[in-house]
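In what follows, a single structure is set out as structure tokens and then discussed.
Each reported figure results from applying straightforward, stated rules to the coordinates on display, with no laboratory input. What you are looking at is a predicted structure, and each value in this text was computed from that prediction instead of being measured. Note: ideal-geometry Cβ built from the backbone for every residue, glycine included; neighbour counts use all protein chains shown.
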Amino acid sequence: GVGLLSAALLALSVHLALLARRQSRLVEEQRREAEAASGAKSRFLANISRELTNPLNSILGFSSLLLGGRSGALNPDQSEDLLAVLKGGQRLSELDGQLLDLARLEAGASRLSREPVSASRLIEEVRAAFAGVALRKGLPLELEGDVPPAAVVLGDAARLRQALGAILDNSLKFTHRGKVTLGLLERDADVVIVIRDTGLGISPDEKEKIFEAFWQSERLAKIKKAEGLGLGLHLAKRIVEQHGGRVSAQGEAGVGSAVFVSLPRVNGEKP
């Protein structure tokens with residue numbers, strides 16, 4: 001009986017070892033397949049971006065030259081048509097830039113500078129960049145509460161402006177009345193930048209999805225024609241995470257929303 005039990009235990013041990021080895025091989029194969037798929041996606045996005053660049057440069061360049069009178073004076077209708085072509089080319093150029101940014105992030109080729117950045121100056125610069133958009137929509141774009149002037153984060157100022165700009169652009173796009181505000185808080189070892197709006201809001205099932213690549217809300221598409229590729233918020237989240245931060249959203253459908261960007265404060269303490 002003891003011999004039979006020992007033999008059974010030995011057989012079971014061998015069987016479990018074989019299963020573990022097989023499972024390890026399966027996990028390794030899945031990892032290699034995932035890496036290959038990710039690499040293929042990155043190459044595809046980069047190739048698409050390169051293919052778009054040359055014709056876009058021609059569209060933007062020649063449109064600007066013609067509008068500048070390079071080939072003679074234009075009548076009002078011609079100027080209006082060319083201006084529409086130029087604006088369309090600029091929009092395509094922005095989308096091309098988003099595709100290239102995503103390809104770089106997926107390939108791990110996106111590099112950040114690491115320098116002290118004033119958070120208050122950062123939101124002032126983003127606010128100034130979108131002041132014209134807010135004015136055209138008749139929306140106040142205000143600072144919320146007292147902004148701590150000494151809050152400093154460590155990172156790439158241009159990339160952080162890009163991330164905040166994508167979030168603010170989204171708020172302005174889906175806000176038609178009320179206002180949009182930017183605020184700055186200090187919580188523990190973090191600086192928290194808050195962008196609030198009184199727009200179409202976020203339903204409970206959308207709070208996580210809004211940061212997924214290429215995702216667009218079916219609810220909002222019924223209200224407002226969707227524009228873009230659905231990459232702006234995804235890129236914003238990835239950039240913030242590259243800085244060791246995090247992004248979250250709160251809101252209610254039809255009431256408004258708030259996006260919180262938390263970034264580590266320099267040295268984790270007030271400078």
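Provide the net charge surrounding residue 143, with neighbours chosen by a C-beta distance below 13 Å and charges set as Lys +1, Arg +1, Asp -1, Glu -1.
On the way: positive: 121, 127, 179, 196; negative: 124, 125, 142, 144, 146.
After counting each charged neighbour, the total is -1.
Determine, from the Cβ-Cβ distance of residue 94 and residue 26 and an R0 of 51 Å, the FRET efficiency 1/(1 + (r/R0)^6), rounded to the nearest 0.05.
Numbers: r = 42 Å, r/R0 = 0.83.
Result of the calculation: an efficiency of 0.75.
Summing +1 for each Lys or Arg and -1 for each Asp or Glu, what net charge is found among the other residues whose Cβ lies under 13 Å from the Cβ of residue 60? If you can, show how the numbers build up before the last one.
Values: positive: 87, 91; negative: 94, 96.
After counting each charged neighbour, the total is 0.
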Would you tally the net charge around residue 182, using a Cβ to Cβ cut-off of less than 10 Å, leaving residue 182 out, and scoring K and R as +1, D and E as -1? -1
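Please work out the FRET efficiency for the pair residue 10 and residue 212, using the Cβ-Cβ distance as r and a Förster radius of 51 Å; give the result to the nearest 0.05.
Working: r = 50 Å, r/R0 = 0.97.
The formula returns an efficiency of 0.55 here.
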If each residue of separation counts as 0.36 nm, what is the full-extension length gain between residue 248 and residue 189 once their alpha-carbon separation is subtracted? 19.5 nm
